[in-house]
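See structure below.
No value in this document is a laboratory result; all are computed from the given coordinates. Everything numeric in this text was worked out from a predicted model, so none of it was measured. Using ideal geometry, Cβ is built from the backbone for each residue, glycine included, and neighbour counts are taken over all protein chains shown.
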């Protein structure tokens, strides 16, 4: 009996398991271990993983896990023909390169432009179209591959905005940025706003409801042929922070995103069209956010790019002694680089120049390039 068999609950039936890449290495060590068959690349990047935490959900929902070297996992798969195809496919998905999105090389930075009076960090700063366009152009010039334009705040406790008002806020900004050659993402949960923004030149949809909040959203994305970001959110903005609860937040979020990808594939929207976002701060406590961030590599097994948006969020302030939103740059950069090291493909941020600079240094060090 293989030691990993002890993780599996007794009895027949499909076993649900999860693979979290660990034992991370970069640079020359990563290349040497990969060449020796002792590691695999993480999302095709400069980081490699040498071990995997194998987790299995029991019948009552409890999660048990055990670490295993990459080579040992391959040996276990060889002994378990019932599990081998899924184990191999998940390992391959973790390792597969995330090469590009909408023509932008990955990993990439996405800048945030909130055309709102009430967003938690910068509400009111870019409420006028001219200010929003100026900010978006500056972000693109500073190295943002995407500029995410939103006209409805989804901060905890936020009230919904009327559709007509959301359209009034975002369309002039999307149109002018797209005309200037900026790769625009539209941050909305409304199908009508998606349709209008895509017609105005947006290249990408970013939906906090994972295309489940409006019955027409999936069809609009399918018809447009554009990519979309599917985010996890427990509840809705007005109430999501009231009392968020999970059996195991890391795995519950994984299952939700896996389910959305499967549902959309059944509706003729291929998996390759999507990016997933675990939704840090959206129906999560501080402990939930830290658990997701710690295990963000788990979502690589879904086989699509992973976006992480933790910029200036409240849990950073709570960890940092109550720092105000605009004073959370240090924590935002630390979290962004942590996620990047674990395979994240897109970093959604307020502070574009600082993040672009941090990513450039991280890549130079991780790849150990010399002149």
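Give the peptides 311-317, 54-60 in descending order of average Cβ contacts within 10 Å, highest first.
Most protected by this proxy first, the peptides run 311-317, 54-60.
Can you compute the label reach from residue 60? Point 7 Å from Cα along the Cβ direction, backbone N cut-off under 19 Å, restricted to segment 252-270.
252, by backbone N distance to the label point.
Using only Cα atoms, find the angle between the long axis of helix 352-367 and the longest principal axis of the chain, and express it within 0 to 90 degrees, rounded to the nearest 10.
Roughly 20 degrees between the two axes.
Tell me, in nm to one decimal, what length is gained between residue 72 and residue 272 on full extension, where the rule is 0.36 nm per residue of separation less the Cα-Cα distance?
69.0 nm
Based on DSSP H runs of at least 4 residues, each adding -39500 (n - 2.57), what is the mean residue ellipticity at 222 nm of the chain after dividing by all its residues, to the nearest 500 deg cm²/dmol?
That comes out to -11500 deg cm²/dmol.
Say each of residue 99 and residue 22 gets a label point 7 Å from the Cα, pointing the same way as Cα to Cβ; how far apart are those two points in nm?
3.3
Could you tell me the distance between the Cα centroids of segment 13-76 and segment 300-339, to the nearest Å?
Cα centres, segment 13-76 to segment 300-339: 24 Å.
Taking the Cα atoms only, what angle lies between the long axis of helix 163-179 and the longest principal axis of the chain, rounded to 10 degrees?
Result, in degrees: 80.
Kirkwood Rh, Cα Rg: Rg to Rh for segment 154-227?
Across segment 154-227, the Cα-based Rg/Rh ratio is 0.95.
Once you've got the GNM for the chain with C-alpha springs shorter than 10 Å, pick whichever of 53, 175, 163 has the biggest mean-square fluctuation.
163
With springs only between Cα atoms under 10 Å, which of 38, 20, 302 fluctuates most in a Gaussian network model of the chain?
Among 38, 20, 302, the largest mean-square fluctuation in the Gaussian network model of the chain belongs to 38.
How many nm is it between the label spots at residue 138 and residue 179, if each spot is 7 Å from the Cα in line with the beta carbon?
So the two model labels end up 2.2 nm from each other.
For the chain, find the longest principal axis of its Cα atoms and tell me its angle to the long axis of helix 84-95, 0 to 90°, nearest 10.
Long axis of 84-95 versus the principal axis of the chain: about 50 degrees.
Rounded if a/c is under 1.5, else prolate if a/b is larger than b/c, else oblate: which is the chain, with a ≥ b ≥ c the root eigenvalues of its Cα gyration tensor?
Prolate, since a/c reaches 1.5 and a/b exceeds b/c.
Nearest 5 is fine: what % of DSSP beta bridges in the chain come out antiparallel, could you say?
Expressed as a percentage, antiparallel bridges in the chain total about 45.
If you take the beta carbon distance between residue 2 and residue 263 as r and set R0 to 35 Å, what does 1/(1 + (r/R0)^6) give as a FRET efficiency, to the nearest 0.05?
0.55
Would you mind classifying segment 15-123 by shape? Square roots of the alpha carbon gyration tensor eigenvalues, ordered a ≥ b ≥ c; an a/c under 1.5 is rounded, otherwise it is prolate if a/b is larger than b/c and oblate if not.
Oblate is the answer for segment 15-123, as a/c is 1.5 or above yet b/c matches or exceeds a/b.
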